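This report refers to the structure that appears directly beneath it.
The values are calculated or read from the model by the stated rules, or taken from the named source; none is laboratory data. Here the structure is a predicted model, which is why all the values come from computation and not from measurement. When we count neighbours, we look across all protein chains shown, and the Cβ atoms used for this are built from the backbone with ideal geometry, even at glycine. To get the accessible areas, we keep the full protein, side chains included, count just its heavy atoms, and leave off ligands, DNA and RNA. Shrake-Rupley method; radii C 1.70, N 1.55, O 1.52, S 1.80 Å.
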Amino acid sequence: MTTPRRVTIRDVARKAGVSVATVSRVLGGDYPVLAATRNKVMRAVRELDYVPNAHARALSAARPGAIAIVVNTIAVPYYALIAQGVEDQAAQEGRLSLICTTGGDNGRELSIVQLLREQRAEAVILVGSVIVDEEYRKRMSEYAHALAAAGSRLVLCGRPPLGEGVPALVVGFDNTGGAHAVTAHLLSAGHRRILYLGVRPGHTTSDTRVAGYRSALAEYGVPADPALQIEAEFDRDAGYTAMTRRLAEGPPDFTAVFAGNDLVAAGAIQALHEHGLRVPDDLSIVGYDDVPPAQDLHLTTVHLPHDELGRAAVRLALGRLTTSPTTLGTHIVVRDSVRPLGPR
């Protein structure tokens, strides 16, 4: 038995005796069309039982009034929670929101921004860490100017500005300050050998967290040991693998771990448990972001204002906020993953 062929917009145009563009205008409802023409098109739609392509309609919806958010993935709580803030504020402002994912590919991100410019999105919000090289900065600056010329706004959320004179708005959080504070929390508990797990050279989020970690060590007069700064991607599997490898080298030469985010911490805790080490009795650990599974793990971590980041990005784009860059605060959430060693 053969599968019936899907009816296309071309079939509708042919039956109605009009162009594909005319059918698109009628179905889009945002372009003046003669009543007789509209009736012919809608009759053809009914007779052919035509169902518009949802993806194409979503893209065509990216006209003025749509707020687009571009993230690495929506499978990670950090991005999903910010995206929810964007969606909630956009709905409150009477705007449609679109979510686009890049998989962490800079080239794909640039292509998405170009597409959204062509589709006349009212604002494009880019979220999260990125490797900012000269080629990326040059092309994204060009797109920022092109978006501005088309009456749109580019908003950088949780990433650094593109440079003076580039029409891009910026909203972020005190990433370095949060890392400094949670490292100081470990230091004040008597820890001096603190492993930083989650170095990602060149990535803006990782670089600024490492900077906060190092500044806290310096404040307490503790040398920053390169052997205690371990590379790992910001996901659970990477945290597990990196910690497993470190423990395979011999007994821990550290008393505490600062994981680059809560997912890295979750993976590291699993590896510690598999090696018979208890948290916090044998080793202390802290994370960053305050997303699931931090609460279930009783993990001390840095809380990020995810919802407010998304909302502020929309308000900036629509002119409701006038301060750019806007920096939101972070704070430590103390749970049960740190054991005091006493004063040193």
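Contact map, the stretch 106-127: residues that are among the acidic types (Asp, Glu) paired with residues that are in a helix (DSSP H, G or I), Cβ distance under 8 Å, separation 6+ or inter-chain. Pairs shown: GLU122/ALA317. Sort out which residues of the stretch 1-42 are under 23 Å from GLN119 (Cα atoms), modelled with pLDDT of 85 or more and assigned to a loop (DSSP other than H, G, I, E, B), and write them in order of number. Selection gives THR8, SER19. Set side by side, the residues ALA271, ALA265 differ, and just one is under 21 Å from the mean Cα position of the chain (by Cα), of a type in the set (A, V, I, L, M, F, W, C) and more than 17 Å from SER129 (Cβ to Cβ), which is ALA265. Restricting the stretch 47-74 to residues that are farther than 21 Å from VAL124 by Cβ and at pLDDT 85 or above, the residue that is least open to solvent (accessible area, probe 1.4 Å) is LEU48. Contact annotation: residue pairs with Cβ atoms under 8 Å, 6 or more positions apart or on different chains, pairing a residue in the stretch 279-292 that is among the polar types (S, T, N, Q) with a partner that is buried (at least 21 other Cβ atoms within 10 Å of the Cβ), are SER284/LEU186; SER284/HIS191; SER284/ALA256; SER284/VAL257; SER284/SER337; SER284/VAL338. The criterion of being of a type in the set (D, E, K, R) and within 17 Å of THR204 (Cα to Cα) holds for GLU109.
Restricting attention to helices (runs of 4 or more DSSP H) lying wholly within the stretch 133-224, give those where 2 or more residues are in contact with a helix residue (DSSP H, G or I) (Cβ under 6 Å, 6 or more places away or on another chain) and closer than 22 Å to VAL338 by Cβ. Result: 175-188, 204-219.
Residues in the stretch 262-290 that are within 18 Å of PRO77 (Cα to Cα), open to solvent by 10 Å² or more (accessible area, probe 1.4 Å) and in a loop (DSSP other than H, G, I, E, B): 1 in all.
Within the stretch 190-210, can you find the residues that are more than 20 Å from the chain's Cα centre (by Cα) and over 28 Å from ASP281 (Cα atoms)? Within the stretch 190-210, none qualify.
Here PHE234 passes the criteria (1) under 23 Å from ASP289 (Cβ atoms); (2) more than 25 Å from the chain's Cα centre (by Cα); (3) assigned to a loop (DSSP other than H, G, I, E, B) except the one numbered (2).
For SER141, the stated conditions do not hold, so it cannot be described as surrounded by 19 or more Cβ atoms within 10 Å (Cβ to Cβ) and in contact with a strand residue (DSSP E or B) (Cβ under 9 Å, 6 or more places away or on another chain). Only a single criterion out of (1) part of a helix (DSSP H, G or I); (2) over 20 Å from the mean Cα position of the chain (by Cα) is not satisfied by LEU116, namely (2). Scan the stretch 96-108 for residues that are part of a helix (DSSP H, G or I) and either farther than 18 Å from ILE74 by Cβ or in contact with a strand residue (DSSP E or B) (Cβ under 6 Å, 6 or more places away or on another chain) (or both) and the total you get is 2. I'd like the residue in the stretch 75-89 that is over 15 Å from CYS157 (Cα atoms) and part of a helix (DSSP H, G or I) and, out of all such residues, is least open to solvent (accessible area, probe 1.4 Å). It comes out as PRO77. Within the stretch 94-136, if we keep just the residues that are of a type in the set (D, E, K, R) and touching a Lys or Arg at 6+ places or on another chain (Cβ under 8 Å), the residue that is surrounded by the most Cβ atoms within 10 Å (Cβ to Cβ) turns out to be GLU122.
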